[in-house]
1. Quick check for you: which residues of region 108-130 have the amide N under 20 Å from the point 7 Å beyond the Cα of Asn54 toward its beta carbon?
2. Pairs of alpha-carbon atoms within less than 8 angstrom and 6+ residues apart define the contacts here; what relative contact order does region 149-307 have, in percent?
3. Order by neighbour count: Asp323, Asp349, fewest other Cβ atoms within 10 Å first, most last.
4. If we count other beta carbons within 10 Å of each Cβ, what is the order of His472, His305, fewest first?
5. Suppose R0 equals 51 Å. What FRET efficiency, 1/(1 + (r/R0)^6) with r the Cβ-Cβ distance, do Tyr365 and Asp430 give to the nearest 0.05?
6. Stretched out fully, how many nm does the piece from Lys497 to Glu419 gain, at 0.36 nm a residue minus the Cα gap?
7. Sort out for me the Cα centre separation of region 34-101 from region 383-421, rounded to whole Å.
8. Tally Lys and Arg at +1 and Asp and Glu at -1 over the other residues with C-beta under 14 Å from the C-beta of Thr489: what net charge comes out?
Amino acid sequence: MNSLGTERMKATTSNLASGNELHLQYWQALGAELIWLQDKQGICTGFFWRDATNFGLDSQEIVGAPILDWFQTEQQEKLKQVTDRVFERNLPEQVTCLFEVGDRPLPVEINLTPIFQPNGGVQQLIAIAHQLPTSDSSLTQQPSLPRQPDPYQKVLTSIARKIRSTLDLIAIRQEAVTGLGKALNVSRCLLLSYDEESHSFQVAAEYRHSDVISVLGVQWRSPDSPLLEHAVQSREAIDVDYLTDALGDSQSAFVVPTLYQNKVNGFICLQQCDNLRLWSEGEKELTQELAEQLGTAIAHATLYHELEQANQAATEASRLKSDFLASTTHELRTPLNGIIGFLKLILDDMADDREEELEFVGEAYKSAIHLLNLINDILDIAKIEAGKIEIDLDAVSLSEVLKNVDNFARPQAQNKNLEWNIVVPNTYDDIILYSNEQRTFQILLNLVGNAMKFTHEGGVTVSVELVLRDVHRNGRNFPGMVKIKVEDTGIGVALDKQDKLFQSFSQVTGGHTRKYSGTGLGLAISKKLVEAIGGKVSFYSMGENLGSTVTFSMPLNQKPLLKNDPTDDPQVIV
């Protein structure tokens, strides 16, 4: 029980203990008609009944005697089982029994609530009973649906028909809480979603009176709500008074789990916020029957949504692969035609001299290398997608990798009249990565190659930054990370298209595919390789024609000795 409920129960205990001279106005304010205290042995320690004098009953006759003596014999075992459970579980329960005065049995609905002592123990419970309507009584009760089965069945059928007519999860939840909340005239009717992995709850749908605050979207974990955690474990409905938690204050609440294949997938929560409410058996049955149907409906709608997402993903993947195959076929055909064409010229003796013949052979060789690179890209992405790529990690000299990249990139930059720079920190020793030399070179080659391809004016710069902070990657500790940036002044990428850059089988636009050669797999391959090594990749561009920056990180195998002279500028390799 929450702190508010506990404090009120303490006050109740104090009042009942004061010679049973109870104030009628106090209990009427709580909506109480019949109330008693009992200990674990079933002995009544305090008693109040609003209509006791009308039936010629003296409260002192009951105090000190077993409370079960005042119930019909066939009802006593039923009530005893419920009270025993309350003491055992320390949770409230509700039961309907016949309270017997003389020869006259009176049907009552009883809320049994444990009373917590300051040390957390429970030695007594408080029973608040509500007399049910009979043919010769005019007792009032909480407004609710008539107790005849037809109106309840009509409400249940109406709500069930609506939730069965759609597989929209949002619509199903909202129809359920709106229909049930209006029918029972509660302050608030909530549908809570439950995530078994994270043990968290969230208010997924809400019906409420206008004077009650909204809790829609509120999320919390099960340790913050022992009541709901108990409902998850027991898979049983819970009836509680004075609930104060993430769902807001309520005088009375009735919580029912929704189940699918005996697993909890949500909760229906009825709340009465303005006064105590004794939930009738009819109201409970309606809520529980709806919960049974709602659990299945939620599961089916969730499954449909997942299947729909999977189908969309499969359709998109199929489309992307078709586009990829179409563009790749063109890319493979181009160097292959070049090889065949130049070899045919040689075979047909079309070369004027030995020099021209060697030129034809050289062009065929370049086309063959280009074809090999394309095939390697395709094989790499296929292995990565299948999860079969293996990378052996070891100490790698960054200067050696950058030297090889420089040998490749400088001629390209000169041919396109582009500036080309490599900037590294000033250190006394080499910067050593924990990586794979071949894959590190491949990553940089892909990124620099892309930058060169899409840059027509300005230049391309590779810069290195050391982040000397202990990190843990791939089960090992490292003294820091190396961040490598590849910046260009090229065509850039529109903001709304940047999320596609690292997707396999995806390029920014078909137009770029036509204008610029290549499979478009370079960035996707680079990202997968960097992550496999233990780093991360990010992309930044202000938009089209505003250049691009790709940054990736790799673990530092050992801490280099930095030159601390502030006048030392970073080393620039041109």
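1. Residues passing the 20 Å test: 108-111, 128-130.
2. Across region 149-307, relative contact order equals 23 percent.
3. If I rank by nearby Cβ atoms, fewest first, I get Asp349, Asp323.
4. His472, His305
5. 0.90
6. 25.4 nm
7. Measuring centre to centre over Cα atoms gives 84 Å.
8. Spelling it out: positives minus negatives among the neighbours equals -2.
The numbers here are math on the coordinates, done by the rules we state, and not lab data. Since we're looking at a predicted model, the values are computed, not measured. Don't worry about glycine lacking a Cβ; one is built from the backbone with ideal geometry, like all the others, and counts go over all protein chains shown.
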